[in-house]
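Engineer: This structure is in structure tokens; I'll ask about it shortly.
The values are calculated or read from the model by the stated rules, or taken from the named source; none is laboratory data. Because the structure is a prediction, the values reported are computed rather than measured. All Cβ positions, glycine included, derive from the backbone under ideal geometry; neighbour counts span all protein chains shown. For the accessible areas, the whole protein counts, side chains as well, though only heavy atoms, and no ligand, DNA or RNA atoms are used. Shrake-Rupley method; radii C 1.70, N 1.55, O 1.52, S 1.80 Å.
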Amino acid sequence: MYLSDLIAGGMSSEAAVELLLNIVWTCLGAFLVFFMQAGFALVETGFTRAKNAGNITMKNLMDFVLGSIFFFIIGFAIMFGKDAGGFIGTTGFFSTYGLADADGMFHGLPIGVFMIFHTVFCATAATIVSGAMAERTKFSTYLIYSAAISIFIYPVTGHWIWSDGWLSGIGFHDFAGSTAVHMVGGVCAFVGAAIVGPRIGKFDKNKKPQAIPGHNIVIGALGVFILWFCWFGFNCGSTTGAATNLGDIAMTTNLAAVVATVTVLFITWFRYGKPDVSMTLNGTLAGLVAITAGCDVVSPYAAMAIGLIAGFIVVIIVELLDKVLKVDDPVGAVAVHCGCGAMGTILTGVFVKGSVLADWGMSRLQFFGIQVLGVVSVMAYVGVCAFILFTILNKTIGLRVSAEEEIDGLDMHEHGMSAYANFRLHDDR
């Protein structure tokens with residue numbers, strides 16, 4: 001309907017204009033979040049080797065394709081269907097538009113608008129895993145995982161947090177998805193990377209980690225800038241309406257990102273003797289992930305504090321994975337999305353404005369406890385589901401390509417082509 005149709009149907013002009021503005025803004029946010037797929041594809045491609053660039057591109061493409069299909073027919077109903085117990089939606093399967101009211105509205109928006117917004121969020125959670133499992137995972141097996149997260153992993157915890165679930169009921173706050181999107185994807189990434197095992201050459205005979213440089217840091221940096229730009233749609237768009245606090249959300253989002261970036265720059269400069277480019281780029285993403293939960297309820301200075309802590313967290317977890325846990329994560333997805341997603345959600349309980357707590361009728365300690373409980377609960381559920389899923393896949397059709405395929409590169413063996421045709425690639429075994 002157009003503005004004139006809404007008014008002719010009995011809606012006041014003010015309400016009609018407000019609805020249309022909310023629709024336009026939410027759609028714009030959804031389109032920006034969709035473009036994050038391009039950012040993830042470039043980051044993961046640039047931070048890994050040239051012989052696997054096509055394979056990683058295909059995985060990012062299929063994350064969105066399969067996520068859109070399965071979230072539409074099953075996942076959306078699990079996430080937003082009617083629920084009596086606080087755990088899972090039970091209505092709307094294969095007929096998601098039937099969840100709308102008589103006017104086609106759902107949660108204050110036309111159901112198609114609401115659905116596309118949450119579809120792109122689901123695809124974002126799924127695509128986080130491809131980077132952590134890059135360069136040694138079978139394409140066919142990865143497709144099964146990508147469908148599974150959109151069916152029974154992301155929608156269940158999303159129901160807890162953003163629908164009628166039990167976490168929402170007790171006051172858990174994750175405005176744009178530090179936990180619901182990023183930590184969910186990051187936990188899956190950790191479990192998948194641990195089960196599939198490290199790349200050949202990542203650890204020497206003494207289990208000491210060896211650097212495997214990405215082939216194009218410029219592509220990786222472009223991906224980070226795209227993600228940074230799209231994050232304003234991710235966070236500001238989560239108002240799902242043209243609200244007056246859009247500028248405040250944009251400011252907290254940006255401040256956390258820039259402080260995390262400069263923090264990692266100086267940490268790596270101090271520790272390694274020179275500022276590390278790829279780690280600093282991941283610092284930007286760390287700040288963005290961390291602020292996503294509380295971008296609407298913290299002050300600009302609190303956002304800077306969250307960014308500062310995220311900068312330390314991402315470096316610590318990268319080194320923990322490499323040096324202690326021996327888990328090979330080529331792009332740093334676990335540190336960025338799992339570590340900073342969890343910590344950012346918990347830090348929301350520390351830095352939330354006092355005026356907000358007063359409106360909610362909570363003490364800071366009470367709210368902090370709820371945030372911790374939510375993070376731990378979601379992490380436990382996703383971790384168990386991911387472990388079962390990846391273990392079954394590993395024991396049946398297999399997660400990992402052969403050593404020969406890994407050494408030659410997945411592009412040729414999985415897709416019969418090179419991402420850089422007519423270029424001579426050096427032997428980077």
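Engineer: If a residue must be of a type in the set (Ser, Thr, Tyr) and more than 14 Å from the chain's Cα centre (by Cα), how many such residues does the stretch 115-140 contain?
Structural biologist: Here the count works out to 2.
Engineer: Right, here's the next one. Only one of Leu255, Leu288, Leu308 is within 20 Å of Gly46 (Cα to Cα) and either assigned to a helix (DSSP H, G or I) or in contact with a Gly (Cβ under 8 Å, 6 or more places away or on another chain) (or both). Can you tell me which?
Structural biologist: Matching residue, one of Leu255, Leu288, Leu308: Leu288.
Engineer: In this structure, is Leu357 within 20 Å of Gly185 (Cβ to Cβ) and open to solvent by less than 50 Å² (accessible area, probe 1.4 Å)?
Structural biologist: no
Engineer: OK, next. Can you name the residue in the stretch 123-147 that is open to solvent by less than 10 Å² (accessible area, probe 1.4 Å) and among the small types (Gly, Ala, Ser) and is also modelled with the lowest pLDDT among such residues?
Structural biologist: The extreme case among them is Ala126.
Engineer: Also: For the list (1) within 30 Å of Leu365 (Cβ to Cβ); (2) in a loop (DSSP other than H, G, I, E, B); (3) free of Cβ contacts under 8 Å to residues at least 12 places away in the same chain, I need the number of the one condition that Ala211 fails.
Structural biologist: Among (1) within 30 Å of Leu365 (Cβ to Cβ); (2) in a loop (DSSP other than H, G, I, E, B); (3) free of Cβ contacts under 8 Å to residues at least 12 places away in the same chain, Ala211 violates only (1).
Engineer: Please go through the stretch 245-279 and give me each residue that is of a type in the set (S, T, N, Q) and either open to solvent by less than 20 Å² (accessible area, probe 1.4 Å) or modelled with pLDDT under 95 (or both), ordered by number.
Structural biologist: Thr252, Thr253, Thr263, Thr268
Engineer: Let me ask something else. Anything in the stretch 148-170 that is of a type in the set (S, T, N, Q), in contact (Cβ under 8 Å) with a residue 40 or more places away in the chain and open to solvent by 10 Å² or more (accessible area, probe 1.4 Å)? List them, or say none.
Structural biologist: Ser163
Engineer: Would you say Val113 is in contact (Cβ under 8 Å) with a residue 60 or more places away in the chain, outside any loop (DSSP other than H, G, I, E, B) and more than 23 Å from Leu167 (Cα to Cα)?
Structural biologist: When the stated conditions are applied, Val113 passes them.
Engineer: Hey, Asp329 hits all of (1) in a helix (DSSP H, G or I); (2) charged (D, E, K, R); (3) within 20 Å of Gly186 (Cα to Cα) but one; which does it fall short on?
Structural biologist: Only one criterion in (1) in a helix (DSSP H, G or I); (2) charged (D, E, K, R); (3) within 20 Å of Gly186 (Cα to Cα) is unmet by Asp329, namely (1).
Engineer: Could I ask something else about it? Of the residues Met62, Met36, Met11, only one is free of Cβ contacts under 8 Å to residues at least 12 places away in the same chain and either open to solvent by 60 Å² or more (accessible area, probe 1.4 Å) or under 22 Å from Ala148 (Cα atoms) (or both); which?
Structural biologist: Just one listed residue meets the conditions, Met11.
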